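I have placed the structure first, in the form of structure tokens, so that the comments after it can refer back to it.
The values are calculated or read from the model by the stated rules, or taken from the named source; none is laboratory data. Owing to the predicted nature of the structure, the values given are computational and were not obtained by experimental measurement. Cβ: placed from backbone, ideal geometry, glycine included. Neighbour counts: every protein chain shown. Ligands, DNA and RNA are stripped out before the accessible areas are found, and what is left, the full protein with its side chains, is counted by its heavy atoms. Shrake-Rupley method; radii C 1.70, N 1.55, O 1.52, S 1.80 Å.
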Amino acid sequence: MPELPEVEAIARTIEPLIAGRRILATRLLHPIVARNSPCDTDGPLSLANARARKVIGVCRRGKYLLIELDRGWLAYHFRLSGQFVWYDRRRPLGHVDFALDFPSGTLGFVDERHLGRVRWLDRPEDLPGIARLGLDPLSRDFSGERLAGVLRGSRRPVKLVLMDQEKIAGLGNIWTAESLWQARIDPRRRAETLSGRETRDLARSVARVVRRALKSCLDPAPDFRNPEWWFENGDKMARVYAREGRRCGRCGAVIRRVEQGGRSTYFCPGCQR
DNA sequence: ACGGAAACCTGGACGC
DNA sequence: TGCGTCCAGGTTTCCG
């Protein structure tokens, strides 16, 4: 479920719990989370490479969460329903798919839906999904000009381009919808038809929406010790997402839902042009 | 090369 | 209560 701001918040919050610690053991309780293809057997085995390694740090690329080890990396993708849960020594493991045991406790990757994935890698770029990631909205390089380069020549709806991880890394359905609302741009517009001014507005809106979402994800920060923890910022901050039939807080028109690329898109027909 | 649709999984919400 | 259907904040793969 998490998009860029949520994964960034998870990375920043989990790092102090595990940085500098050594992994005593890895436990793969549900091998499907380590599989890329239905008959892949290499993925699950390679996770054992993390055993006895020390954690250097934790970071994010796109929606991937990376744990850097003193040799190799662990790459997590939460997809729709994956999350981290922390168990200290006293508490028994709940439903966990993949666990890292530290002296101080266990970091569990939990995903009852089993769409999330964990991989061990020599280098992050070894995973094609990471190697091909596009521009990161939190990076200093993210600008109207760079966004213009991405939109130029694309006949696809601007919403689909924003969500294309090879173009812009980390945006998902919620924050894309919110960014387009912020910039007053209709998500159905062909990307190449945006003017220079609209493109600059959109870049500013994306950066602002993502930064504000990150801030709210960190206040309060995730509580990994509570297995039920989850972000609430989506509901609180959404101006259009999942608000079909309600009135736009900016112009009063009724918010619509349409389908794009098989996903729901929410927008205000009154002020998004 | 590009774009659209289906597949991958499971649980929860909703209607009858 | 039970059952069917639809939906979900994502990515990869397949197909035209």
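May I ask you to list the residues of the range A:73-87 whose amide nitrogen lies under 15 Å from a point 7 Å from Cα along the Cα→beta-carbon direction of A:ILE32?
Answer for the range A:73-87: A:79-83.
Using Cα-Cα distances under 8 Å and only pairs 6 or more residues apart, what relative contact order does chain A have, in percent?
Values: 549 pairs, mean separation 48.0, N = 273.
Taking the mean separation of contacting Cα pairs over the length of chain A, I get 18 percent.
Counting other Cβ atoms within 10 Å of each Cβ, which trypsin sites (Lys or Arg not before Pro) in the range A:152-222 have at most 14 and sit in a DSSP loop? Intermediate results must be reported in sequence, preceding the final value.
Details: sites: A:ARG152, A:ARG155, A:LYS159, A:LYS167, A:ARG184, A:ARG188, A:ARG189, A:ARG190, A:ARG197, A:ARG200, A:ARG204, A:ARG208, A:ARG211, A:ARG212, A:LYS215; in loops: A:ARG152, A:ARG155, A:LYS167, A:ARG184, A:ARG188, A:ARG189.
Sparse-neighbourhood loop trypsin sites (Lys or Arg not before Pro): A:ARG152, A:ARG155.
What FRET efficiency would be calculated for the residue pair A:ASP141, A:ARG208, taking the C-beta separation as r and a Förster radius of 25 Å, to the nearest 0.05? Please list the in-between numbers first.
Numbers: r = 17 Å, r/R0 = 0.66.
For R0 = 25 Å, the calculated efficiency reads 0.90.
Counting other Cβ atoms within 10 Å, which GluC sites (Glu not before Pro) in the range A:187-255 have at most 11 and lie in a DSSP loop?
Details: sites: A:GLU192, A:GLU198, A:GLU228, A:GLU232, A:GLU244; in loops: A:GLU228, A:GLU232, A:GLU244.
Qualifying residues, ordered by number: A:GLU228, A:GLU232.
Using a Cα distance threshold of under 19 Å, what count of lysine pairs results for chain A when pairs must be 8 or more residues apart or interchain? Write down the numbers at each step before the final one.
Working: A:LYS63/A:LYS159; A:LYS63/A:LYS167; A:LYS63/A:LYS215; A:LYS159/A:LYS167; A:LYS215/A:LYS236.
Pairs that pass both the separation and distance tests number 5.
In whole Å, what are the extents of chain A along the principal axes defined by its C-alpha atoms, from largest to smallest?
Principal extents (Cα only, largest first): 56, 35, 34 Å.
So how far, in whole Å, is the C-alpha centre of the range A:1-23 from the one of the range A:203-246?
Centre-to-centre (Cα) distance: 16 Å.
Over all alpha-carbon pairs of the range A:4-131, lay out the pair-distance distribution in 10 Å bins, whole %, shortest bin first.
Percent of pairs per bin, in order: 13, 49, 35, 3.
Which whole-number value in Å² is the accessible area per residue of chain A, probe 1.4 Å? Write down the numbers at each step before the final one.
Working: 13100 Å² over 273 residues.
That works out to 48 Å² for each residue.
Out of the trypsin sites (Lys or Arg not before Pro) in the range A:30-131, which ones are loop residues according to DSSP with at most 16 other C-beta atoms within 10 Å? Each step should come with its number before you reach the end.
On the way: sites: A:ARG35, A:ARG51, A:ARG53, A:LYS54, A:ARG60, A:ARG61, A:LYS63, A:ARG71, A:ARG79, A:ARG89, A:ARG90, A:ARG113, A:ARG117, A:ARG119; in loops: A:ARG35, A:ARG51, A:ARG53, A:LYS63, A:ARG71, A:ARG79, A:ARG89, A:ARG90, A:ARG113.
Sparse-neighbourhood loop trypsin sites (Lys or Arg not before Pro): A:ARG51, A:ARG71, A:ARG79, A:ARG89, A:ARG90, A:ARG113.
Taking only C-alpha pairs under 8 Å that are 6+ residues apart, what is the relative contact order of the range A:97-235 in percent? Can you show the working numbers first?
Values: 144 pairs, mean separation 28.1, N = 139.
Dividing the mean separation by the residue count of the range A:97-235 yields 20 percent.
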